[in-house]
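Some notes on the structure that comes next.
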Amino acid sequence: MPQNTEVEVRRSPRRRRTVSAYRDGDKTVVLVPATFSRAEEEQWVDRMLGRLQARDVRRRPGDAALHDRAVDLADRYLGGLARPSSVRWVDNQNTRWGSCTPDTGAIRLSKRLSGMPAWVVDYVLLHELVHLIIPNHGPEFWAMVRRYPKAERARGYLEGVSAASRLPGDGTAPIGEDEDDVVD
């Protein structure tokens, strides 16, 4: 769990035995039955925070595991043609999902991908691996990217995330302000 994360415990009279937890921005919300004692609540909050942290680690492997994953993807879908020298997570990519430097073989993935499904992260990795072979986005590039079976699905997922991030805070787009609604 991120350091200094606020924890909010919500007691529910409708809950009987189940406990759940989720992240809501910078806050972690833990839902417990209203009948729990303070000691039970404390025990379950600790347990659920541990589970969320373990899930976060699984969803965002370290740089070494990310490199191994990239090598495996290159072998499976690119016949081993691409070999990254390094693969790492970075904090400074707010408009790109990933980037690479073909001259050095370095691949960088935005930390915004953390928590996304593994098949989406794999798509971004494969996209950058193909750039180690073909630096542009021409037809040959896209033909290689499409070797990944979930390429189109992952692209759609990332497009949806990007579109959602541009919506106002209430999650609805203002009528007539969508770029597709503009009439000249």
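The values are calculated or read from the model by the stated rules, or taken from the named source; none is laboratory data. None of these values were measured; they are calculated from a predicted model. Methodologically, a virtual Cβ is constructed for each residue, glycine included, from the backbone with ideal geometry; neighbour enumeration extends over all protein chains shown. The protein model used for the area step is the full one, side chains on, heavy atoms only, and it has no ligands, DNA or RNA in it. Shrake-Rupley method; radii C 1.70, N 1.55, O 1.52, S 1.80 Å.
Here the chain has 48 percent of its accessible surface on carbon and sulfur atoms, given a 1.4 Å probe and all protein chains in place. Placing +1 on each Lys and Arg Cβ and -1 on each Asp and Glu Cβ, with no other charges, gives segment 13-103 a dipole about its Cα centre of roughly 520 debye. Of all the options Asp56, Asp75, Asp24, the one that moves most in a Gaussian network model of the chain with Cα springs shorter than 10 angstrom is Asp24. DSSP finds beta bridges in segment 7-61, and of those with both partners inside it, around 45 percent are antiparallel. With a Förster radius of 25 Å applied to the beta-carbon distance between Asp68 and Thr95, the computed FRET efficiency rounds to 0.35. Under a 5 Å amide H cut-off, with hydrogens placed 1.01 Å from N, Val9 pairs with Val30 among residues at least 5 apart or on other chains.
When each of the peptides 32-39, 124-131 is scored by how many other beta carbons lie within 10 Å of its residues on average, the order from highest to lowest is 124-131, 32-39.
Inter-part distance, segment 31-108 to segment 110-159, computed on C-alpha centroids, equals 16 Å. GNM remark for the chain: springs join alpha carbons under 10 Å apart, and the peak mean-square fluctuation among Trp89, Trp142, Trp44 falls on Trp44. Take segment 33-159 with all the other protein chains still there, run a 1.4 Å probe, and you get 55 Å² of accessible area per residue. Proximity of backbone amide H atoms, modeled 1.01 Å from N, is registered between Arg15 and Ala34 at under 5 Å, excluding neighbours fewer than 5 places apart on the same chain. Ordering Met144, Trp119, Leu129 by the projection of their Cα atoms onto the charge dipole of segment 99-173, which places +1 on the Cβ of Lys and Arg and -1 on the Cβ of Asp and Glu, puts Trp119 at the extreme positive end. Pick out which of Leu158, Leu66, Leu31 has the largest mean-square fluctuation in a Gaussian network model of the chain, springs linking Cα atoms closer than 10 Å. Between Leu158, Leu66, Leu31, it is Leu31 that shows the largest mean-square fluctuation. For segment 1-114, the antiparallel share of DSSP beta bridges with both residues in that region comes to about 45%.
Give the calculated FRET efficiency between Ala39 and Glu8 to the nearest 0.05, with a Förster radius of 22 Å applied to their Cβ-Cβ distance. Efficiency, rounded to the nearest 0.05: 0.70. Against the main long axis of the alpha-carbon atoms of the chain, helix 38-59 sits at an angle near 0°. Basic side chains Lys and Arg get +1 at the Cβ, acidic Asp and Glu get -1 at the Cβ, and with that the dipole of the chain about its Cα centre reaches some 1100 debye. Helix-derived [θ] at 222 nm for the chain: sum -39500 (n - 2.57) over DSSP H runs of at least 4, divide by residue count, nearest 500? Roughly -13500 deg cm²/dmol at 222 nm, from the helical runs in the chain.
Over all pairs of different C-alpha atoms, the chain has a mean inverse distance whose reciprocal, the Kirkwood radius, equals 19.3 Å.
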